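The structure appears right after this line, and notes come after that.
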Amino acid sequence: MADRVTVIGWDGSPLTSAATSALSAATLVAGAAHHLALPEVPPRAERIRLGSVDLAARRIAGHRGSAVVLADGDPGFFGVVRALRAPEHGLEVEVVPAVSAVAAAFARAGMPWDDAQIVVAHPRTLRRAVNVCRAHTKVAVLTSPGAGPAELALLLEGVHRTFVICEELGSEREQVTVLTSDKVADHAWRDPNLVIVIGGAQGAAPGPGWIAGRDLGHPPQVRGWALPAHAYGEGLGPGESAGLRAAQLARLGPRTGDLVWDIGCGSGALSAEAARFGAAVIAVDADPDACARTEAAGRRFGVQLQVVAGRAPHVLESLPEPDVVRVGGGGAQVVAACADRRPERIVAHAATRDGAEAIDAALEAGGYDVECALLQSVELDTSAWSERERSVAFLLSGRRRERSP
């Protein structure tokens, strides 16, 4: 194993004395081509082009001498330090950090970033990164080939955002470009790059904040879920009781990076509450009044909602792929159309047993394991301990079966 392993971050500025000291003693240096070309790299040191971090880690583990790994920005922030310290390599490292690409990008834009979400976009995680951009007003995206600014913009179709695109930060070819998202795909962008995605409905004026990664401009979070009817202005419609909504949210489990379809969104209660979990939400309803109420719910709770006016199942054909779906209206036909898109989970409800059996059959045929529960809730007036409102519904939840290979 190497006698000493030092990981050095590089942001384009002159290396620190600690970094130059570690490099001068190195007998092995790993990094990208522009790192290995630095004049501080000893001419006699063994050089490794850093393509596969695992391969480089194995080489370093077998090296006798002092090793240095050069990386862009802060190597402890979505960088190589995690991979080098993985148990399978057993490397203990010293780290000389530099300014991270995220910090540098926000500095170039002259913006604070304690309220930003930060995501890494690879081809396999691109859709989830896009969903975070749908759900939040300020997101920094660390891109990669095949998951860059153009791909982000194309998947954000229908959602207006502003892109601040930072190319080759810290180099002589550094360039910062500001464009609306509909124009980004018309250009070619140089790697490496980082994108700041900004936009969406703004809440109240931001305060000083106390926790990073939150939309500080939004109104304070309301405590609790499945809020009562009066929290939604005009109240709730049929099939939107607080108890049913709580059970639906529990089975869907919306989370950051997910895209939720709320079909037949009604008052927007479930849409707003799913968005409060950090998920991106597309709310669909054929009723213009329902669409307006859902938009108002999003503004009231300071969350980002995309509202689509149209009748399911036809309007669903143009929507991006969902992770979880709540069907609030349309019955078995809409459930079947949703099952064709293969979300992980689908929930629906019915007022009658016949309706519940039809939805169950649609989910089963679509490849879902189904649970059904009869939910009954009674709201009481405690001044007289009398019944104020009663709600009864069949709740059906489908969990996607993985297809056999």
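The values are calculated or read from the model by the stated rules, or taken from the named source; none is laboratory data. All values reported here derive from a predicted model rather than from experimental measurement. With ideal geometry, Cβ positions are generated from the backbone for all residues, glycine too; neighbour counts draw on all protein chains shown. Surface accessibility is based on the protein's heavy atoms, side chains included, excluding ligands, DNA and RNA. Shrake-Rupley method; radii C 1.70, N 1.55, O 1.52, S 1.80 Å.
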Of the options TRP385, HIS34, ALA226, report the single residue whose Cα projects farthest towards the positive end of the charge dipole of the chain (beta-carbon charges: Lys, Arg +1; Asp, Glu -1).
HIS34
Within the stretch 88-132, which GluC sites (Glu not before Pro) sit in a loop by DSSP and count at most 11 neighbouring Cβ atoms inside 10 Å?
GLU88, GLU92
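Applying 1/(1 + (r/R0)^6) with R0 = 51 Å to the Cβ-Cβ distance of HIS160 and ALA32, what FRET efficiency is obtained, to the nearest 0.05?
Working: r = 35 Å, r/R0 = 0.70.
So the FRET efficiency works out to roughly 0.90.
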Could you pull out the chymotrypsin sites (Phe, Trp or Tyr not before Pro) across the stretch 288-390 that fall in loop regions by DSSP (anything but H, G, I, E, B) with no more than 14 other Cβ atoms inside 10 Å?
TRP385
In nm, the gap between the two label points placed 7 Å beyond Cα toward Cβ at ARG342 and ARG190 is 4.0 nm
For the stretch 178-203 and the stretch 302-355, what is the centre-to-centre distance using only Cα atoms, to the nearest Å?
30 Å
Sorted by average packing, counted as other Cβ atoms within 10 angstrom per residue and highest first, what order do 161-167, 114-120 take?
161-167, 114-120
GNM of the chain, Cα pairs under 10 angstrom: of ALA247, ALA135, ALA279, the biggest fluctuation goes to ALA247
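Over the stretch 236-288, with the other protein chains present, what is the accessible area per residue in square angstrom, probe 1.4 angstrom? Let's see the in-between values first.
On the way: 1300 Å² over 53 residues.
Value for the stretch 236-288: 25 Å² per residue.
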Please give, to one decimal in nm, the separation of the simple spin-label points placed at ALA109 and GLU94, each 7 Å out from Cα toward the Cβ.
3.6 nm
Can you bin every Cα-Cα distance in the stretch 221-373 into 10 Å intervals starting at zero and give me the percent of pairs per bin, rounded to whole numbers?
12, 46, 36, 7
Listed residues LEU270, LEU194, LEU375; largest mean-square fluctuation, Gaussian network over the chain with Cα springs below 10 Å, found at LEU375
Which of GLY199, ALA290, HIS122, positive extreme of dipole for the chain (C-beta unit charges)
HIS122
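If you keep only loop residues by DSSP, which GluC sites (Glu not before Pro) in the stretch 306-405 have at most 11 other Cβ atoms within 10 Å of their Cβ? Present the calculation step by step, with values, prior to reporting the outcome.
Values: sites: GLU317, GLU344, GLU357, GLU364, GLU371, GLU379, GLU387, GLU389, GLU402; in loops: GLU344, GLU402.
Those satisfying the criteria are GLU402.
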Treat every Asp and Glu Cβ in the stretch 38-175 as -1 and every Lys and Arg Cβ as +1, leave all other atoms uncharged, and give the resulting dipole magnitude about the Cα centre to the nearest 20 debye.
420 debye
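Kindly report the accessible area of the stretch 14-112 per residue (heavy atoms of protein chains, probe 1.4 Å, no ligands, DNA or RNA), in Å².
Values: 5130 Å² over 99 residues.
Per-residue accessible area for the stretch 14-112 comes out at 52 Å².
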So for the stretch 66-138, using the alpha carbon gyration tensor with a ≥ b ≥ c as root eigenvalues (a/c under 1.5 gives rounded; past that, a/b versus b/c decides prolate or oblate), I'd call it oblate
Relative contact order of the stretch 200-342: what whole-number percent is it, with Cα pairs under 8 angstrom and at least 6 residues apart?
23 percent
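If I compute solvent accessible area with a 1.4 Å probe over the protein chains, what percent of it on the chain is carbon and sulfur?
Values: 10390 of 19770 Å².
Exposed carbon and sulfur together represent 53 percent of the surface.
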Per GNM of the chain with C-alpha springs under 10 angstrom, the most fluctuating residue out of SER66, SER383, SER52 is SER383
On a 0 to 90 degree scale, rounded to 10, what angle separates helix 353-365 from the longest Cα axis of the chain?
30 degrees
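What ranking do 232-245, 72-85 get when scored by the average of other Cβ atoms within 10 Å per residue, highest first?
Details: 232-245: 18.1, 72-85: 20.0.
In decreasing order of mean packing, 232-245, 72-85 become 72-85, 232-245.
Starting from the Kirkwood radius over alpha-carbon pairs of the stretch 1-139, derive D by Stokes-Einstein at 25 °C in a medium of 0.890 mPa s and give it in µm² s⁻¹.
151 µm²/s
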Among PRO112, SER144, LEU319, the residue whose Cα sits farthest towards the positive end of the charge dipole of the chain (+1 at Cβ of Lys and Arg, -1 at Cβ of Asp and Glu, taken about the Cα centre) is SER144
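Output needed for the chain: three equivalent-ellipsoid semi-axes, defined as square roots of 5 times the C-alpha gyration tensor eigenvalues, in descending order, whole Å. Show your work: numbers first, answer last.
Details: eigenvalues 486, 106, 77 Å².
They are 49, 23, 20 Å, listed from largest to smallest.
From the square roots a ≥ b ≥ c of the eigenvalues of the alpha-carbon gyration tensor of the stretch 281-338, which class results: rounded (a/c under 1.5), prolate (a/b over b/c), or oblate?
It comes out prolate by the Cα gyration axes.
How high is the relative contact order of the chain, in percent, counting Cα pairs under 8 Å that sit 6 or more residues apart? Write out the running numbers ahead of the final one.
Details: 852 pairs, mean separation 42.6, N = 405.
Over the chain, the number comes to 11 percent.
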At what distance in nm do the modelled label points of ARG300 and GLU364 sit from each other, each positioned 7 Å from its Cα along Cα→Cβ?
4.0 nm
Tilt of helix 242-252 relative to the longest C-alpha principal axis of the chain, in degrees (0 to 90, nearest 10)?
40 degrees
Please state the charge dipole magnitude for the chain, taken about the Cα centre, from unit charges on C-beta atoms (+1 on K and R, -1 on D and E), reported in debye and rounded to the nearest 20.
760 debye
